[in-house]
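Report on one structure; see the data block that follows.
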Amino acid sequence: MFLGMVPVRISFAGGGTDMPEYYEKYGGNVISTTITRFTYVIINPRHDNLIQAFSSDFSSHHKLASYENLVAKQGVELAVTVIKHLDYRDGANFLMSSDVQPGSGLGASSALAVNLVKTISSIKGQEISKGDLAEKSYHIGRNILKWPIGKQDEYITAFGGFNFIKFSKNKVDVIPLSMNKASLLELQQNLLLFFTGTSRNSSTILISQIDRIKQNQKETIDSLNIVKQLAENMYNDLKKSDITKFAELLHEGWTAKKKFAKNVSNERIDKIYETALKHGAIGGKLTGAGGGGHILLYCELPKQQTLIEKMESLGLKPIRFGFYNEGPKVINLYDFV
């Protein structure tokens, strides 16, 4: 029995510039980190050539079937598509689960894609580089399943850690961020994550964003140019272990992001954010494409309890997390018997 673990992520700046529709023309920059919340893939080999798949996140089950009769039904379409793409024909039971809800804005779908590709490749005895793992996972999501996604989540989760990632037409550069321990710890302690109570389907927002980029709409392009520069500015500060402007850059990025497309924010989200700023937060953003999911807030330690209590009174749930400096892991559970 094999267990694959791949962390989800928080993107701090530059999200949206990882869309090929944008970065192939302008280049893209993203700053992000993996965190201590994970997706899980358990693969239990069978004694026949039949395959079944369970997704606890979507309460979905693909009944036992031969490889040829697998169908990419809702809830297990990712697992079936990866199995087909990697030509994995051995009988097995697949179980997929995660620490976060679907539509969380924490990149769980892409992390699960990376997890499936990595775990199946490991079972087949195939070495795969981090870059190839990211590209193959992205190809499955964007080109086979037709998800309207950028590349950042696959690269973030395939490489792991705190990184500055640069996207261009012909290559992707992943640059690890090295900060002194005191500044890194202070940054982590000052960040609070809350689940807003509503998940969202990001496809509508992302399709609208892609259409606006293709149409060269000035407001969207200008906003993406702004967040691209903000990511560069954040990188220049963080590589000097300077976090004094981090909250301000989060706030500027969120202000620009709301202009990417309609429904990135809404009246409830705006009220939550404005209330947070009045109760100790000095910057923040919705994670992911927007519309719901999780909100990240920067708040110094002395004011955090007041802020947490206020957010809870608005129906938000605080989510404990830490920065996670590693990427995918595949464990053969038989090694522990």
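The values are calculated or read from the model by the stated rules, or taken from the named source; none is laboratory data. For clarity, every value in this text was computed on a predicted model and none was experimentally measured. Backbone-built Cβ (ideal geometry, glycine too); neighbour counts: all protein chains shown. Each accessible area value is taken on the protein alone, full model and side chains, heavy atoms only, with ligands, DNA and RNA left out. Shrake-Rupley method; radii C 1.70, N 1.55, O 1.52, S 1.80 Å.
Tell me the per residue accessible area of the chain using a 1.4 Å probe; a whole number in Å² is fine.
44 Å²
Count charges around Tyr273 for me, please; just the other residues with Cβ under 14 Å from its Cβ, Lys/Arg as +1, Asp/Glu as -1.
So the environment of Tyr273 carries a net charge of +3.
Distance in nm between label sites at Asn266 and Asn236, each 7 Å beyond Cα in the beta-carbon direction?
Spacing of the two 7 Å Cα→Cβ label points: 3.8 nm.
Tell me, what is the Rg over Rh of the range 61-117, with Rh the Kirkwood radius over Cα pairs?
My calculation puts Rg/Rh at 0.97.
Please report the net charge: other residues with Cβ closer than 13 Å to the Cβ of Thr39, K and R +1, D and E -1.
Working: positive: Arg9, Arg37, Lys118, Lys329; negative: Asp57, Asp99, Asp153, Glu154.
Its environment carries a net charge of 0.
Can you give me the orientation-averaged projected area of the convex hull built on the Cα atoms of the chain, in nm²?
17.2 nm²
Counting only DSSP beta bridges with both residues in the chain, what percent are antiparallel, rounded to the nearest 5?
Of all bridge pairs located within the chain, approximately 90 percent are antiparallel.
Most fluctuating residue of Asn69, Asn325, Asn216 in a GNM of the chain with Cα springs under 10 Å: which is it?
Asn69
Mind listing which trypsin sites (Lys or Arg not before Pro) in the range 256-337 are in a DSSP loop and have 11 or fewer other Cβ atoms within 10 Å? Show your work: numbers first, answer last.
Values: sites: Lys257, Lys258, Lys259, Lys262, Arg268, Lys271, Lys278, Lys285, Lys303, Lys310, Arg320, Lys329; in loops: Lys258, Lys259, Lys262, Arg320.
Answer by residue number: Arg320.
Considering the dipole of the chain built from charges on the beta carbon (Lys and Arg +1, Asp and Glu -1) around the Cα centre, which of Ala111, His61, Val227 is farthest to its positive end?
Checked the options; the winner is Val227.
Based on DSSP H assignment, which helices of the chain show an axial Cα extent of at least 15 Å together with a mean Kyte-Doolittle hydropathy greater than or equal to 1.0? Mind showing how you got there, number by number?
Numbers: long enough: 108-123 (22 Å, 1.19); 203-214 (16 Å, 0.34); 218-238 (30 Å, -0.49); 246-257 (16 Å, -0.18); 267-278 (17 Å, -0.85).
Length and hydropathy pass: 108-123.
Roll a 1.4 angstrom probe over the protein heavy atoms and tell me the percent of accessible area of the range 64-201 that is carbon or sulfur.
Working: 2670 of 5710 Å².
Accessible surface attributable to carbon and sulfur in the range 64-201 totals 47 percent.
Per residue, what volume in Å³ does the Cα convex hull of the range 1-150 take up? Don't jump to the answer; show the numbers that get you there.
On the way: hull volume 16.2 nm³, N = 150.
It comes to 108 Å³ per residue, whole-number rounded.
Please list the non-local residues whose amide H lies under 5 Å from the amide H of Gly283, H modeled 1.01 Å from N, same-chain partners needing a gap of 5 or more.
The list, which skips near neighbours in sequence, is Tyr298.
Counting every Cα pair in the range 176-286, what percent are over 19 Å apart?
Of the Cα pairs, 54 percent sit more than 19 Å apart.
How large is Rg over Rh for the range 70-161, taking Rg from the Cα atoms and Rh as the Kirkwood inverse mean of 1/r across Cα pairs?
The Rg/Rh ratio comes out at 0.93.
Past the 18 Å Cα-Cα mark, which pairs from Lys262/Lys285; Lys278/Lys303; Lys257/Lys303; Lys262/Lys310?
From the list (Lys262/Lys285; Lys278/Lys303; Lys257/Lys303; Lys262/Lys310), the Cα-Cα distance tops 18 Å for Lys257/Lys303; Lys262/Lys310.
How large is ³J(HN,Hα), in whole Hz, for each residue of the range 162-169 in order, when computed from phi with the Karplus curve 6.51 cos²θ - 1.76 cosθ + 1.60 and θ = phi - 60°, using x for Gly and Pro?
Per-residue couplings from phi come out as 9, 9, 9, 10, 10, 10, 9, 4 Hz.
Quick query: amide H of Ala92 versus all other amide H atoms, modeled in the peptide plane; which residues come in under 5 Å with a sequence gap of 5 or more or a different chain?
Arg46, Leu50, Ile51, Gln52
In 10 Å bins starting at zero, report the fraction of Cα pairs in the range 1-52 per bin as a rounded %.
Whole-percent P(r) values from 0 Å outward: 20, 26, 24, 19, 10, 0.
Quickly estimate the mean residue ellipticity at 222 nm for the chain, helices only: each DSSP H run with n ≥ 4 gives -39500 (n - 2.57), and the total goes over all residues, rounded to 500.
Numbers: 11 runs with 126 residues, N = 337.
Per the formula, -11500 deg cm²/dmol.
How would the range 20-79 be classified by its alpha-carbon gyration tensor: rounded, prolate or oblate, with rounded meaning a/c under 1.5 and the a/b versus b/c comparison settling the rest?
Prolate.
Separation of the range 8-65 and the range 106-154 by C-alpha centroid, Å?
Here the two parts' Cα centres lie 7 Å apart.
What does the net charge come to around Lys258 if you take all other residues with beta carbon closer than 12 Å to its beta carbon, with K and R at +1 and D and E at -1? Mind showing how you got there, number by number?
Values: positive: Lys257, Lys259, Lys262, Lys285; negative: Glu219, Glu252, Asp270.
Charge balance near Lys258 sits at +1.
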